[in-house]
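Input: a single structure, listed below in structure tokens.
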Amino acid sequence: MDDLEKFKQRLIDRENPPEIVEEAIEILENFYDFIGSRSKTIDKINSDDFYDFSAKLIREKRNKSLPYEIIIGYGRFINNPNLIIWGLEVLDGSEVMENFSKRLEEEFSKEFRDEIFQGIELPPLGISQKDKPNYTKILISRFESKVDSKTCEEFLAKGLRDSYAEWRKPDRERFLKADNFDAFLKDKRKRQIEELEKHRDEKTLYFTQEINDEVVEYVKSDPSIETGVRNGNVLTVRKIPHEAIKYLNEKNPDKKSYHYCHCPWAKESFQDGTIDEIPTVFCNCSGGYYKSYWEIILDQPVEVKTVKTVMKGDSICEFEVYLPEEIVKDLK
């Protein structure tokens, strides 16, 4: 338990409120007790152990964001990447189904929302990644069956993720200082490569994945990855694979798609062979992620089209961002 005492002191040194320190240590002690009941040590547990503990938090109604944030922080403190990855998996995109529910009520009606969610409660924070696609299969299929295809696509294309405006604010400020859009894009790509190289050199995680030379070179070889390539008023953007090292070294097409896909509400369906049960229109939500980003950067509406996705059988996920004319009118 030496690590717990050191972690507690770290929290105190960083002037966390006493009640937060107390709760953090209590959660971690419970985590250690749970692991011990399985005759395991923290460096030997697997994702099933983690999600079984998460299920315990759900049963005890303690599945708020704080316990997972504490586990992530502790994982960083003891240099245990699995704790970081599993904790981030819980939080990443956790708002999607709740936002889906809210927007159905706001843009249609409460009665329509209740019809789509009939017999289904909102998924609790902390459910296993393996269980998440079950909600998508049912809820998106029901929604798709109740509206025309254009309405369904446009609804999802607005995105179901939160906007993360504060996180994106620095890029908005960089854009305002840049000479023009292309200068901002060039700087954005430079910073992206530098960030990946930093993670590679310091052996830290880029969100939930390790970075090596192969990944850095892969991103360097394709400027459309995350940054985008502009042709006129169309910016073509491709996602970086969710598990890039595994993606680049995998030969099986289905497994490559699994390693590429970012969506926690669909990804595991590649593993169990049920990906065809998830309507591909759901991928427009990923386009909405880029829509939200560029609308914050440009401070005006943009249209985003989902062009390719691994759920449709493509080898990549690709999106087109349609830039406002005044942004590109003086660019060659």
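Details
- Of all residues in region 235-265, those satisfying the criterion of being out of contact with any Pro (no Cβ under 9 Å at 6 or more places or on another chain) and assigned to a helix (DSSP H, G or I) are Ala244, Ile245, Lys246, Asn249, Pro253, Asp254, Lys255, Ser257, Tyr258.
- Hits in region 306-332 - residues which are more than 23 Å from Lys256 (Cα to Cα), assigned to a loop (DSSP other than H, G, I, E, B) and of a type in the set (A, V, I, L, M): Leu323, Leu331
- Set side by side, the residues Leu160, Leu156 differ, and just one is surrounded by 13 or more Cβ atoms within 10 Å (Cβ to Cβ), under 21 Å from the mean Cα position of the chain (by Cα), more than 19 Å from Glu318 (Cβ to Cβ) and at pLDDT 95 or above, which is Leu160.
- Any chance Ile85 is under 22 Å from Thr204 (Cβ atoms) and either touching a residue at least 40 places away in the same chain (Cβ under 8 Å) or not assigned by TED's automatic domain parsing to the domain that holds Pro264 (or both): yes
- Of all residues in region 114-129, those satisfying the criterion of being among the β-branched types (Val, Ile, Thr) and either in contact (Cβ under 8 Å) with a residue 24 or more places away in the chain or within 19 Å of Ser163 (Cα to Cα) (or both) are Ile116, Ile127.
- Where a residue in region 96-113 is closer than 15 Å to Pro124 by Cβ and its partner, wherever it lies, is at pLDDT 95 or above and hydroxyl-bearing (Ser, Thr, Tyr), with Cβ under 8 Å and at least six apart: Met97/Tyr135
- Qualifying residue in region 70-78 (condition: within 13 Å of Gly126 (Cβ to Cβ), surrounded by 13 or more Cβ atoms within 10 Å (Cβ to Cβ) and aromatic (Phe, Trp, Tyr)): no
- Residue match in region 227-234 (condition: closer than 20 Å to Ser149 by Cβ, in the same structural domain as Lys186 (by TED's automatic domain parsing), outside any helix (DSSP H, G or I) and among the aliphatic types (A, V, I, L, M)): no
Quick grid of which residues meet (1) surrounded by 17 or more Cβ atoms within 10 Å (Cβ to Cβ); (2) modelled with pLDDT of 95 or more:
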| position | (1), (2) |
| --- | --- |
| Glu15 | no, no |
| Pro18 | no, no |
| Leu28 | yes, yes |
| Phe31 | yes, yes |
| Ser39 | no, yes |
| Ile45 | yes, yes |
| Asp52 | no, yes |
| Lys56 | no, yes |
| Lys64 | no, yes |
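The values are calculated or read from the model by the stated rules, or taken from the named source; none is laboratory data. All values reported here derive from a predicted model rather than from experimental measurement. Every residue, glycine as well, gets a Cβ built from its backbone with ideal geometry; the counts of neighbours run over all protein chains shown.
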